[in-house]
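Down below is the structure, laid out as structure tokens.
The values are calculated or read from the model by the stated rules, or taken from the named source; none is laboratory data. What you are looking at is a predicted structure, and each value in this text was computed from that prediction instead of being measured. Ideal geometry is used to build each Cβ from the backbone, glycine not excepted, and the neighbour counts take in all protein chains shown.
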Amino acid sequence: MDVMTELNLKQEIKILKKELNAIILAHYYQEADIQDLADFVGDSLELSKQAAKTNADVIVFAGVHFMAETAKILNPTKKVIIPDITAGCSLSDSCPATLFKQFRDKHPEYYAVTYINSSAAVKALSDIICTSSNAEKIIRSIPENQKILFSPDRNLGRYLMEKTGRKMLLWDGTCIVHEQFVQQKIEKIKLENPDALLIAHPECEEKVLDISDFIGSTSQLLKFVKENPAKKFIVATEVGILHQMKKSCPDKIFIPAPPENSTCACNECPHMKKNTLEKLYLCMLELQPEITLPDDLIKKAYIPIKRMMDLS
Ligand code: 13P
Ligand code: SF4
């Protein structure tokens with residue numbers, strides 16, 4: 001895209017935003033230009049909270065499908081659009097609603113705590129939703145003798161078991177981005193940068209989390225680098241977060257953790273990066289792709305999301 005086109009697109013998006021009375025919500029893994037145009041950039045929980053309280057007529061969700069779907073469930077009467085409707089999530093894909101329902105029917109004694117990275121259909125079959133920033137609190141709120149099924153991220157689930165001391169049955173899903181970070185490569189960077197702190201998202205593998213100085217959701221990682229006096233951080237999560245880190249702390253150094261295969265861009269989420277400035281403009285111009293869901297599914301999926309919101 002040439003400079004003029006890029007400038008025009010940004011201008012047009014701002015004009016459309018006013019005309020539509022729209023709010024642009026963006027996740028930290030979106031490309032920098034999209035983050036800069038957004039009214040709000042945040043982690044999954046913060047984005048849901050923003051979606052729940054907005055007065056805008058149109059919610060433009062620059063993120064992946066499950067995030068936009070959650071915004072729709074929280075705002076059934078509003079129009080929710082997404083730049084690329086095919087922007088999915090490997091975690092969500094790893095937990096098909098049919099299999100999840102089979103488990104639930106066979107084991108009704110389990111209380112289903114489901115990570116927000118899941119489809120509306122799976123949410124509708126769950127007892128409570130959580131995000132990486134409130135998961136510990138949600139697990140701790142469940143009575144000790146209650147059996148728990150945690151889905152779909154086994155890494156986050158294992159991490160929560162360690163933190164809370166609760167045994168849980170884990171769905172076997174992973175994130176294609178976070179499972180790429182390998183301990184050996186990170187150890188090497190740590191040796192080369194002994195003054196750097198390693199910070200990681202809980203979707204990373206156990207071996208990476210074991211050597212991390214801090215573990216948290218995207219917003220918690222951002223808060224940590226702002227508040228910690230260290231000057232150098234190795235960041236084990238999707239590389240898009242570095243944009244806000246550099247903006248907030250221009251005097252600090254951020255080293256993206258390398259994926260297993262250093263020749264690929266595997267520390268970028270291919271789903272998140274399907275959204276582009278051009279697609280953002282087009283979706284606002286055409287008011288599509290739009291997130292639509294059957295009313296009964298919205299009603300069912302709202303219940304476990306509301307339980308989460310009440311506890312957050
Ligand atoms: P956060 O809620 O921490 O932003 O995580 C969302 C996500 O998809 C991480 O891969
Ligand atoms: Fe899903 Fe992983 Fe992408 Fe997050 S980074 S949206 S968990 S595939």
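Go through the stretch 135-176 and report how many residues are without any contact (Cβ under 8 Å) to a residue 24 or more places away in the chain and touching a Lys or Arg at 6+ places or on another chain (Cβ under 6 Å). Give the derivation first.
Start the filter on the stretch 135-176 by keeping residues that are without any contact (Cβ under 8 Å) to a residue 24 or more places away in the chain, which leaves 143-145, 154, 157, 161-162, 165, 167, 170.
Then keep just the ones that are touching a Lys or Arg at 6+ places or on another chain (Cβ under 6 Å); that gives 170.
Within the stretch 135-176, residues that are without any contact (Cβ under 8 Å) to a residue 24 or more places away in the chain and touching a Lys or Arg at 6+ places or on another chain (Cβ under 6 Å) number 1.
Out of the residues in the stretch 214-236 that are surrounded by fewer than 19 Cβ atoms within 10 Å (Cβ to Cβ) and closer than 18 Å to GLU136 by Cβ, state the one that is nearest to ligand 1 (Cβ to nearest atom). Steps first, answer last, please.
Kept after step one, since they are surrounded by fewer than 19 Cβ atoms within 10 Å (Cβ to Cβ), are these residues of the stretch 214-236: 214, 220, 223-224, 226-232.
Subset that is closer than 18 Å to GLU136 by Cβ: 214, 220, 223-224.
On the way: PHE214: 13, GLN220: 7, LYS223: 12, PHE224: 12 Å.
Only one residue fits best here, namely GLN220.
The residue list LEU149, LEU170, LEU191 contains one member that is more than 17 Å from the chain's Cα centre (by Cα), surrounded by fewer than 21 Cβ atoms within 10 Å (Cβ to Cβ) and more than 16 Å from ligand 2 (Cβ to nearest atom), which is LEU191. The residue that is surrounded by the most Cβ atoms within 10 Å (Cβ to Cβ), counting only those in the stretch 27-50 that are within 22 Å of CYS95 (Cβ to Cβ) and of a type in the set (A, V, I, L, M), is LEU47. Does the stretch 103-119 include one or more residues that are surrounded by fewer than 24 Cβ atoms within 10 Å (Cβ to Cβ) and within 15 Å of ligand 2 (Cβ to nearest atom)? Yes, there is a match, as at least one residue in the stretch 103-119 is surrounded by fewer than 24 Cβ atoms within 10 Å (Cβ to Cβ) and within 15 Å of ligand 2 (Cβ to nearest atom).
On the given criteria, is LYS163 surrounded by fewer than 17 Cβ atoms within 10 Å (Cβ to Cβ), within 16 Å of LYS306 (Cβ to Cβ) and within 16 Å of ligand 1 (Cβ to nearest atom)?
Numbers: surrounded by fewer than 17 Cβ atoms within 10 Å (Cβ to Cβ): yes; within 16 Å of LYS306 (Cβ to Cβ): no; within 16 Å of ligand 1 (Cβ to nearest atom): yes.
It is false that LYS163 is surrounded by fewer than 17 Cβ atoms within 10 Å (Cβ to Cβ), within 16 Å of LYS306 (Cβ to Cβ) and within 16 Å of ligand 1 (Cβ to nearest atom).
Scanning the stretch 244-265 for residues that are within 16 Å of ligand 2 (Cβ to nearest atom) and within 26 Å of CYS130 (Cβ to Cβ), we see that the one that is modelled with the lowest pLDDT is ALA257.
Quick check: anything in the stretch 211-226 small (Gly, Ala, Ser), more than 15 Å from ligand 2 (Cβ to nearest atom) and under 26 Å from PHE150 (Cα atoms)? Yes, some residue in the stretch 211-226 is small (Gly, Ala, Ser), more than 15 Å from ligand 2 (Cβ to nearest atom) and under 26 Å from PHE150 (Cα atoms). Checking each residue in the stretch 93-125 for being within 16 Å of ligand 1 (Cβ to nearest atom), in a helix (DSSP H, G or I) and more than 17 Å from LEU293 (Cβ to Cβ) picks out only ASP93.
For the stretch 76-89, residues that are over 15 Å from GLY63 (Cβ atoms) and either touching a helix residue (DSSP H, G or I) at 6+ places or on another chain (Cβ under 6 Å) or touching a residue at least 40 places away in the same chain (Cβ under 8 Å) (or both) total 2. I need the full set of residues from the stretch 249-265 which are more than 18 Å from GLU187 (Cβ to Cβ) and within 16 Å of ligand 1 (Cβ to nearest atom), in order please. Answer for the stretch 249-265, where residues must be more than 18 Å from GLU187 (Cβ to Cβ) and within 16 Å of ligand 1 (Cβ to nearest atom): just ALA265.
A single entry from GLU286, GLU268, GLU278 fulfils the requirement of being farther than 29 Å from SER126 by Cα and without any contact (Cβ under 8 Å) to a residue 40 or more places away in the chain: GLU286.
Evaluate the stretch 257-271: report whether one residue or more is part of a helix (DSSP H, G or I) and crowded, with 21+ Cβ neighbours inside 10 Å. Reasoning before the result, please.
Applying the first criterion (part of a helix (DSSP H, G or I)) to the stretch 257-271 yields none.
For the stretch 257-271, residues part of a helix (DSSP H, G or I) and crowded, with 21+ Cβ neighbours inside 10 Å: absent.
Results for (1) over 16 Å from the mean Cα position of the chain (by Cα); (2) farther than 22 Å from ILE116 by Cβ; (3) away from ligand 2 (no atom under 14 Å from the Cβ); (4) among the hydroxyl-bearing types (Ser, Thr, Tyr), shown as yes or no for each residue.
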site	(1), (2), (3), (4)
VAL3	yes, yes, yes, no
LEU7	yes, yes, yes, no
ILE15	yes, yes, yes, no
LEU25	no, no, yes, no
PHE40	no, no, yes, no
SER44	no, no, no, yes
LYS49	no, no, yes, no
ILE59	yes, no, yes, no
ILE73	yes, no, yes, no
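For ASP84, the criteria (1) within 21 Å of MET309 (Cβ to Cβ); (2) within 15 Å of ligand 2 (Cβ to nearest atom) hold in every case but one, which is (1).
Criterion applied to PRO83, PRO76 was being buried (at least 20 other Cβ atoms within 10 Å of the Cβ) and under 24 Å from LEU287 (Cα atoms), and the one residue passing it is PRO83. Among all residues of the stretch 66-73, there is at least one that is touching a Cys at 6+ places or on another chain (Cβ under 7 Å) and of a type outside the set (S, T, N, Q).
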